[in-house]
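Novice: Pasting in a structure now, in structure tokens, and then I'll have a few things to ask.
The values are calculated or read from the model by the stated rules, or taken from the named source; none is laboratory data. Just so it is clear, the model here is predicted, and its values are computed rather than measured. As a convention, Cβ positions derive from the backbone with ideal geometry for all residues, glycine included, and neighbour counts pool all protein chains shown. Areas reflect the complete protein model, heavy atoms only, side chains present, ligands, DNA and RNA absent. Shrake-Rupley method; radii C 1.70, N 1.55, O 1.52, S 1.80 Å.
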Amino acid sequence: MAKVIGIYSLAALLLVLAGAQAATNERPENRDELIANCRTVSSCMALLDTAMPADGYGIYDSDIDDIRKVLKARFGDEAKYALIEKAQGDDPAWQNFASAVLSGWGDWKESDVELLAPVLSKDSGGWIARVLGDIGTEEAIELLVADLRKAGFQSQTGWALYQIGPKVLDRMLPLLELPSNEELPPDAPYTEGWHVVRDLLAEFGHSATLVADNWIAVALDERETTSRRIAALRGLSAMNGYLDGRTDPLHLLLDSEEAAIADQVYKTLVATHDPFVARQYAEDCQPSNIRWERYRSSFLCIRELSEFGSNAAIAGDLILPFLSSVNAEEQLYGIEALGLIGYQPAIPEIEKFLSSPDWRQVYAAVRALGHLKSRASVPLIEEATKEHWQYRVRYHGKNTVDLIIRNQPYTEDLDSLQTVTFYSGFGNYDNLFGYDEDCGWNVWEYGDAETLTFEDAEPVTEVELSGGRLLASDEGEFGGELSWHPDGGEPVVLIPDNTYNIFPIEGGFITIHGISHISINYGFAAKVWRDESGPWQAEEIARFTSVGRDSKRLGPETFAAWTYPQPIIFKADGIIEAAQCDYAARPENWKGNEW
């Protein structure tokens, strides 16, 4: 019944409202033609009733605008009030249809609010919220604010409040007193918590700070209830980087005798990136130092520190341990964060990663040195990138050097990266290079004019050895593993990641790993071996630019993995080169792949 629009951003909601079409099968069309000749409102409604879908989805059908034009031009307010009556009814399809038609009607009166209130009550977050937003009276705003708790920001109610503007914000403190989502009963809707207001405040951006001084005063006022003071602090936390030094008076509350106040003010100062708490936050943000594991909890805190910007430079020394973690991803987080906060003493340590065999660390180091405008690092950047096997790393190095020499702010040329991920930013190296022109005929050049193709071949996923067997598993987004299964003993996980192929080499094995799922896309090769009496050992030898499920042996110890944007040629001691598409082998009648 409810017509809540599930969206990922306000921009997406704008697109929905601007020209949304029916997204499900068998939606009605051209109903404006059905009512082209009706002469009374009741007869038009009767005709529309014959073409009303059975569902009540929050869909803005393709003929809504044309139907509105017909009804408004022919009958005016008589049709408007007939539609309101339909929207007040119990038929979910009519509720959605009538509200959608009314959402763009215009010419509303303040007295109409009383008639619209029952519609919003029946259909929380539905199209009629836009009408109340257009009216914009105090009574209309009260209805929308009350509905926000049920509908959430990603709804027509959230959109309507945003359209009205920052004057609605002072009404949000009661909602900010609601329990947190974690404190709600298991069967409660997500939107019942105070977090519904956070999304709205974040969307207002800098405009939200118009109420900041009032809420700071509430938080500091010991005459206010604890719940109201916490509500004000919660609201301030959603204003993140826009408050500058205005949170200084809140520092005293860190020593509050009320534990709930002290706890919330710390969270607020972290969220607003106040330098006063940077070192304390950094002390609690340390690397896990665990190999192979991805997405450690350390990612969240180090990303938060990086968003402090220069406000966290005072804590730069506490981030340095990330650079010595045995986890390569945590090293990346540290490199990036130190550059983003502008911690100049880290430059010598960051420069060491320019010689890393992992292209991500070279890329991250260049990025960080660009943010730091390290002119002294220019020769090292040029040396590390000018002949790098990944041509986009070469381009990135050149672009960064140019910016440093010209003393310009560091910015990445996203067009050159062709980023295709659903998100981008801190710690994201999956799909970073996107897709080049498709080489769908699958002929590649490498080395001295040698050619390479990938054929369908059964990968090796099990190897019998004296005393046991190596076993590879691929469980997709759930993650597989490479494991050793000793005879009569418990299995031992060697690499906790999807494993696609096992190649024997002298003294051990080369194994291929990775995953491609939604926005996650990475791959790497590893070497595993063991001494006669010792345990198995494993180390990464080649970091790919994407997953490389298809792989083959090119020579006794030379291999190729089919990754994007180009296949990678590698040996046990690292990557040799990226293969190039052989355009001379392109079939004459080639028309491109259909993806």
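Novice: Classify segment 64-121: rounded, prolate or oblate, from the alpha-carbon gyration tensor (a ≥ b ≥ c, eigenvalue square roots; a/c under 1.5 rounded; otherwise prolate if a/b is larger than b/c)?
Specialist: oblate
Novice: Can you give me the three principal axis dimensions of the chain from its C-alpha atoms, in Å, biggest first?
Specialist: The principal-axis extents, from largest down, are 87, 69, 61 Å.
Novice: Taking all protein chains together and a probe of 1.4 Å, list Arg234, Arg586, Arg469, Arg31 from the most accessible to the least accessible.
Specialist: Arg586, Arg469, Arg234, Arg31
Novice: Next up: Would you compute, from DSSP H runs of 4+ residues alone, the mean residue ellipticity of the chain at 222 nm, taking -39500 (n - 2.57) per run and dividing by the full residue count, rounded to the nearest 500?
Specialist: Computed mean residue ellipticity for the chain: -11000 deg cm²/dmol.
Novice: Quick one: dipole size for segment 205-293, taken about the Cα centre, charges +1 on Lys/Arg Cβ and -1 on Asp/Glu Cβ, in debye to the nearest 20.
Specialist: It comes to approximately 280 debye.
Novice: Full extension from Glu78 to Thr137: what is 0.36 nm times the residue separation minus their Cα-Cα distance, to one decimal in nm?
Specialist: Residue separation times 0.36 nm, minus the Cα-Cα distance, leaves 18.9 nm.
Novice: Something else: 5 Å is the cut-off here: which amide hydrogens, built 1.01 Å from N in the peptide plane, fall below it relative to Tyr500, excluding neighbours closer than 5 in sequence?
Specialist: Under 5 Å from the amide H of Tyr500: Ile512, His513.
Novice: Nearest 10 degrees is fine. How inclined is helix 298-307 to the longest principal axis of the chain, computing both from alpha carbons?
Specialist: 70 degrees
Novice: Okay, next question. Quick check: net charge around Pro348, other residues with Cβ under 15 Å of its Cβ, Lys/Arg +1 and Asp/Glu -1?
Specialist: -1
Novice: Going Cα to Cα from Lys167, which aspartates and glutamates come in below 20 Å? Please leave out same-chain ones fewer than 8 positions away.
Specialist: Within reach: Glu110, Asp134, Glu138, Glu139, Glu142, Asp147, Glu177, Asp199, Glu203, Asp213.
Novice: Under a no-solvent Debye model with one identical scatterer per Cα of segment 480-595, what's log10 I(q)/I(0) at q = 0.15 Å⁻¹?
Specialist: Log-scaled intensity ratios, in q order: -0.72.
Novice: While we're here: Classify segment 266-311: rounded, prolate or oblate, from the alpha-carbon gyration tensor (a ≥ b ≥ c, eigenvalue square roots; a/c under 1.5 rounded; otherwise prolate if a/b is larger than b/c)?
Specialist: It comes out prolate by the Cα gyration axes.
Novice: Determine the share of the chain's accessible area contributed by carbon and sulfur atoms, expressed in whole percent, with a 1.4 angstrom probe.
Specialist: 49 percent
Novice: Then there's this: What is segment 498-545 by shape, rounded, prolate or oblate, if you read a ≥ b ≥ c off the alpha carbon gyration tensor as root eigenvalues and call it rounded for a/c under 1.5, prolate for a/b larger than b/c, and oblate otherwise?
Specialist: The shape class here is prolate.
Novice: In debye to the nearest 20, how big a dipole does the chain give about its Cα centre with +1 on each Lys and Arg Cβ and -1 on each Asp and Glu Cβ?
Specialist: Roughly 1240 debye, rounded to the nearest 20.
Novice: Also, quick follow-up: Full extension from Tyr395 to Glu458: what is 0.36 nm times the residue separation minus their Cα-Cα distance, to one decimal in nm?
Specialist: Here the segment from Tyr395 to Glu458 would lengthen by 19.0 nm.
Novice: Using the structure shown, list the pairs from Lys386/Lys552; Lys571/Lys591; Lys109/Lys150; Lys72/Lys122; Lys386/Lys527 with a Cα-Cα distance above 32 Å, or answer none.
Specialist: Lys571/Lys591
Novice: Also, I was wondering about something else. Farthest toward the dipole's positive end in segment 28-147, which of Ile135, Gly125, Ala51, given Cβ charges of +1 (Lys, Arg) and -1 (Asp, Glu) about the Cα centre?
Specialist: Ala51
Novice: Run the paramagnetic zone check for Lys352: 7 angstrom along Cα to Cβ, then residues of segment 304-324 with backbone nitrogen under 14 Å.
Specialist: 320-324
Novice: Which FRET efficiency, nearest 0.05, do Trp529 and Ser324 yield, Cβ-Cβ r, R0 25 Å?
Specialist: 0.50
Novice: Keeping every protein chain in place, order Arg223, Arg291 by accessible area at 1.4 Å, biggest value first, i.e. largest first.
Specialist: Result of the area sort, largest leading: Arg223, Arg291.
Novice: Looking at Leu354, Ile314, Tyr395, which one has the Cα that reaches farthest to the positive end of the dipole of segment 289-397 (charges on Cβ: Lys, Arg +1; Asp, Glu -1)?
Specialist: Tyr395
Novice: State, as an integer percentage, the relative contact order of segment 299-411 based on alpha-carbon contacts under 8 Å between residues 6 or more apart.
Specialist: 21 percent
Novice: Under the 0.36 nm per residue contour assumption, what length would be gained going from the current alpha-carbon distance of Ala585 and Glu475 to full extension?
Specialist: 36.0 nm
Novice: What FRET efficiency would be calculated for the residue pair Glu445, Asn240, taking the C-beta separation as r and a Förster radius of 56 Å, to the nearest 0.05?
Specialist: According to the calculation, E is roughly 0.70.
Novice: Here's something else I'd like to know. Any idea what the relative contact order of the chain is, in percent, if you count C-alpha pairs under 8 Å spaced at least 6 apart?
Specialist: 6 percent
Novice: What percent does the relative contact order of segment 25-155 come to when contacts are Cα pairs within less than 8 Å and at least six residues apart?
Specialist: Averaging sequence separation for qualifying contacts and normalising by length gives 20 percent for segment 25-155.
Novice: Evaluate 2.2 N^0.38 Å with N set to the residue count of segment 288-346, then give the Cα radius of gyration divided by it.
Specialist: It is 1.03.
Novice: Cβ under 12 Å from Asn501's Cβ, Asn501 left aside: what net charge do those residues give with Lys, Arg +1 and Asp, Glu -1?
Specialist: Taking every other residue near Asn501 into account, the sum is -1.
Novice: Helix 113-122: angle to the longest alpha-carbon principal axis of the chain, degrees 0 to 90, nearest 10?
Specialist: 50 degrees
Novice: Further question on the same structure: Please give the charge dipole size of segment 471-569, origin at the Cα centre, charges +1 on K and R Cβ atoms and -1 on D and E Cβ atoms. Round to the nearest 20 debye.
Specialist: Value, rounded to 20: 420 debye.
Novice: Just to confirm the number: angle between the C-alpha axis of helix 195-204 and the first principal axis of the chain, 0 to 90 degrees, nearest 10?
Specialist: Taking Cα atoms only, the helix is inclined about 90 degrees.
Novice: Here's something else I'd like to know. Count charges around Glu481 for me, please; just the other residues with Cβ under 11 Å from its Cβ, Lys/Arg as +1, Asp/Glu as -1.
Specialist: Counting the neighbours of Glu481, the net charge comes to -3.
Novice: Now, a different point. Among 132-138, 558-564, 484-490, 202-208, how do they line up by average Cβ neighbours within 10 Å per residue, starting with the highest?
Specialist: Most protected by this proxy first, the peptides run 558-564, 132-138, 202-208, 484-490.
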